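Note sheet for the following structure.
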Amino acid sequence: MAGLTNSRRRGGGAGWLAAAPLLVVTLIAFGIPTVVLVVGAFSVKGGGFGFENLSATMREPYLGALWNSVTLSAVVAILGAVLGAFLAQAVLTSRSGLLREAVLTASGVLANFGGVPLAFIWIATLGNSGVVTAALGLGSGVLYNFWGLALVYLYFSVPLMVLVIAPALDGLKPQWREAALNNGASTWQFWRHVGIPVLGPALLGGAVLLFGGAFAAYATAAAMVGASVPLVTLQIADALTGNVLIGYENIALALSLDMIVIALLVMAVYLPLQKRSSRWLA
Amino acid sequence: MTVELRELRRSFGGTVALDGLSLTIEQGELIAFLGPSGCGKTTALRCVAGFERPDTGAVFIDGADVTRVPANRRDAGMVFQSYSLFPNLNVRDNVAFGLRVRRRSADERHSRAAELLELVGLGGFGERYPHQLSGGQQQRVALARALALQPKVLLLDEPLSALDAKVRVNLREEIRRLQLELGITTIFVTHDQEEALSVADRVAVLKSGRLEQVAPPAEVYDRPATPFVAEFVGTMNHLPGRVSGETVEVFGQTLPLDGTAPGAEVDVLVRPEAVRVTPSGDGRGFILASSFRGSIARLRVQLDGGGEVLADVPGHEAVRLAPGLKVDVTLVERPVLTAPRTAVAAPVEPVG
Ligand SMILES: Nc1ncnc2c1ncn2[C@@H]1O[C@H](COP(=O)(O)OP(=O)(O)O)[C@@H](O)[C@H]1O
Ligand SMILES: [Mg+2]
C-alpha cells in the first residue's frame, strides 16, 4: 500500500521525466513494429486498405493453424500448470532442503530449454529411430503429432511453472492449514476453500505464461513436425519466406495481428484477478 | 471439560521439547503456560490441539483419551500468534468457516458469525477483509473463529505477542472477561510473566519441557517452588549469604531459610519490595538511580562492597530518596529462598 500511494504522489513531472528513456525505448522497440504490422495487415493488393488479409486468416488453411496453436497452447498451459503445481508442492513440503535446491536449480535450467536443441533431444529419444522408441518397439510416428509436440513443450513448461508457483506456495502460511483443520476441515476442504483460492492468481498467471510460451514457440515445432501439425507460427514463417507462394507477406502480418489479439484476450482474463489478490500473499 | 496432560514426551531430532509434562486443567479454568522461549509451551499446546503427537504420554479431554484423534475431530478452538485469518475470506466467512465446513445453512452461519463478532466487540465488521483490520482486530476475529463451534477447550498460543503494549493489555482483559462469561476451559501460552499473572487462575511455569510449578499467580510470585520460578516471575535480587543451620546470614541480618540451601555459600533471593532503604550518613551504600513508577519508585542502590540491589519504595518517598544519597539497606524479616552462589549481588530483571 505504501508503495502505491508513494508512486501516485510522485506521478507528477519528475516521475515521468525519470521514466522517459524507458518509454522512448519501449516506443521504438514495440511501437514501430506494431505500426508496421498493423499497416501491413490492413494493406490490400493493388494499394489501399481493407479487411482482405484478415478475413483470409479466418479461412483455411490459416484458421486450422490458428485453432491448432490455440488448442496446443491451452493443453500445454493447463497440463503444465497442474503438473508444475503438484511437483512444486511435493518438493517444497518434503523435508529435504537438498531436494528442494536440486529441483529448483534444474527447473531454472530446463525452463530455458527450447529451439532446435530441444527438438533434437526428443527426436533422439522418441523419434522414429530414437533410443526409447527402439528399446520399447514403439514404431514410428510417436512424436510427430499434436500430442508429441505437447509432450515436448511440457518439457520446458512444467519447470517454468515450478519456478513461477514456488514463491506463491511458500507464501501459504502453515497457520492457515492448521486453522482450517482446527475448525474441522479436511485437508481437501482447506485446499478448496482457502489454498486454491489464494493460489488462484498465481496458478492462472503461470498458466498464462505457459500459454504464451507455447503459442509463440517456432523453432522446436519447425524442426520436429514441419508441416504435419500446422501451427500459426509455421504458417507465418512460410508466408514470409515465400515458401509456398509469393506475395503473402501481408497475410503473415495479419496472422501476427491475430496472435496479438489472442494474447491480449488471455491477458485480459488474468490481470484483474491478479490485482485482486496479490496482497494476500504479501 | 477437564484437560489432562499425562507424562508427555516429544523430541525433534536431538531437541527435547517436552520431557515428561504432566498437568491437569480444571473445568472452566484459565491456566497460563509460562516459560522462556523454547521451553515447550507451543509443543504442549499443539499436543492438545492435535497438530503434534507426543512420542509417549497421553492427552485426555473430559476423561477421553484423544492422543490419536486427528486435529480436525478434536473439540478445541485455537488462536495462533498472528496472521492466521484466511486472507481470501471476509471476517464473517472467517468466523463461520467451521460452520461452512459442516454444511450449515447460510442463515445460520451469518447469524452465528454476527453474534460472535458482537461478542468480541467487532459487530459491523463482517464485510471487511483481514488486511483491512489492525493486528488487535485480527486477533479478535481469530478468537471469534476459535469459539464458533463452541469447543470444549480454548487454546491461545501467545495471541497478544505481536501487538502494541496498550492493545495487549486491553485485549488480555477482554479475553479474560469472555472466558469467565463463557466458562470455557482455557490454556493461555505466554512468555510474559505479567500477562500470565494478571489473567490466569493458575500459572504453570515450564522449563526445558518440564513443569516447575503450577499454582495461583500470588503463590507463584510469593512462594516460588524453585529458584528458576523465583527468577522468571518478577524481579529478584541475588545477595551473597552464608548458611548456618536453618538460617542464613545476609547483610548482617539473620533470616530463616525457605526450603533447603544448596550449600554453605549461597545467593539469597530477595524481591525488591522486601528491601528497605533508609537515609543514613554512614550507610553501606548510595542511591545510584531511581525510576518513578507512580505508586512505587524502584531504586538502584550501589553497595560499598561492590554489587547492586534493587529496592521498591513507596512513590511519595522518591523525592526524599534521591540519587547520590547515602543509605542503609535492610531486608524484611521473612523466610528467604536460596540458590547456588553466582556473581556478587546482581539483581535479575525478568525476561519479557
Ligand atoms: N517442528 C519442529 N521441528 C524441530 N524442532 C522443533 C519443532 N517444534 C519445536 N521444536 C523445538 O522444540 C523446542 C520447544 O519448542 P516450542 O514448544 O515451540 O517452545 P516455546 O513455544 O516454549 O517457545 C524448541 O527448542 C524448538 O526449537
Ligand atoms: Mg511458542
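Whole-Hz Karplus values for the range B:80-85 come out as 8, 4, 6, 6, 9, 5 Hz, taken residue by residue from phi with 6.51 cos²θ - 1.76 cosθ + 1.60 and θ = phi - 60°; glycine and proline positions read x. Working note: Karplus 6.51/-1.76/1.60 with θ = phi - 60° gives the range B:297-304 the couplings 10, 9, 9, 10, 9, 8, 8, 4 Hz, where Gly and Pro are set to x. Averaging the sequence gap over all C-alpha pairs within less than 8 Å and six or more residues apart, then dividing by the number of residues, gives chain B a relative contact order of 16 percent. Where a ≥ b ≥ c are the square roots of the eigenvalues of the C-alpha gyration tensor, would you call the range B:55-179 rounded, which needs a/c under 1.5, or, failing that, prolate if a/b is larger than b/c, or oblate? Verdict is oblate for the range B:55-179. When B and A come together, around 2100 square angstrom of accessible surface is lost from both chains combined, probe 1.4 Å.
Please report the carbon-and-sulfur percent of the accessible area for the protein assembly as shown; probe 1.4 Å, protein heavy atoms only, DNA, RNA and ligands left out. Result for the protein assembly as shown: 61 percent of the exposed heavy-atom area is carbon or sulfur.
If you sort the three axes of the alpha carbon gyration tensor as a ≥ b ≥ c, you get a/c of 1.5 or more for chain A and a/b no higher than b/c, which makes it oblate. Comparing B:238, B:131, B:191 in a Gaussian network model of chain B, where Cα atoms under 10 Å apart are tied by springs, the biggest mean-square fluctuation is seen for B:131. Percent of C-alpha pairs per 20 Å bin in the protein assembly as shown, short distances first: 15, 32, 27, 17, 8, 1, 0. Peptide B:48-61 shows a mean partner chain C-beta count of 1 within 10 Å per residue C-beta.
Put simply, the amide H of residue B:212, placed in the peptide plane, has neighbours under 5 Å in B:205, B:206, B:207, leaving out anything fewer than 5 places away on its chain.
3J(HN,Hα) along the range A:137-151, derived from phi through the Karplus expression 6.51 cos²θ - 1.76 cosθ + 1.60 where θ = phi - 60°, amounts to x, 7, x, 9, x, 5, 8, 8, 8, 3, 6, x, 5, 4, 4 Hz, with x in place of Gly and Pro. Projected label points at residue A:196 and residue B:67, each 7 Å from Cα along the beta carbon direction, are separated by 3.8 nanometres. In the calculated pair distance distribution of the range B:235-348, what percentage of Cα-Cα distances lie above 19 Å? More than 19 Å apart: 42 percent of the Cα pairs in the range B:235-348. Rolling a 1.4 Å probe over the protein heavy atoms gives the range B:235-348 an accessible area of 47 Å² per residue.
Classified by the C-alpha gyration tensor, the range A:47-197 has an oblate form. Its axis ratio a/c, with a ≥ b ≥ c, is 1.5 or above, and a/b does not exceed b/c. Normalised by the number of residues in chain A, the average gap of Cα pairs under 8 Å and 6 or more apart makes the relative contact order 28 percent.
In the range B:3-222, the inverse of the mean reciprocal separation of distinct Cα atoms equals 17.7 Å; this is its Kirkwood hydrodynamic radius.
In the range B:74-211, the DSSP beta bridges split such that about 20 percent are antiparallel, to the nearest 5. DSSP finds beta bridges in the protein assembly as shown, and of those with both partners inside it, around 75 percent are antiparallel. Of the residues B:228, B:51, B:33, the one that moves most in a GNM of chain B with alpha-carbon contacts below 10 Å is B:51. Checking every one of the trypsin sites (Lys or Arg not before Pro) in the range B:60-126 against DSSP loop status and a limit of 12 other Cβ atoms within 10 Å picks out B:68, B:103. The mean count of C-beta atoms from other chains within 10 Å of the C-beta of residues in B:134-146, rounded to a whole number, is 1. For the segment B:77-89, counting C-beta atoms of other chains within 10 Å of every residue's C-beta and taking the mean gives 6. Separation of the alpha carbons by more than 28 angstrom is noted, of A:173/A:275; B:166/B:326; A:173/B:152, for B:166/B:326. Please give the helix B:135-147 orientation as an angle from the longest Cα principal axis of chain B, in degrees from 0 to 90, rounded to the nearest 10. Between helix and principal axis, roughly 60 degrees.
The values are calculated or read from the model by the stated rules, or taken from the named source; none is laboratory data. Computed from a predicted structure; not experimentally measured. All Cβ positions, glycine included, derive from the backbone under ideal geometry; neighbour counts span all protein chains shown. Please note that ligands, DNA and RNA were not included when accessible areas were found on the heavy atoms of the full protein model with its side chains. Shrake-Rupley method; radii C 1.70, N 1.55, O 1.52, S 1.80 Å.
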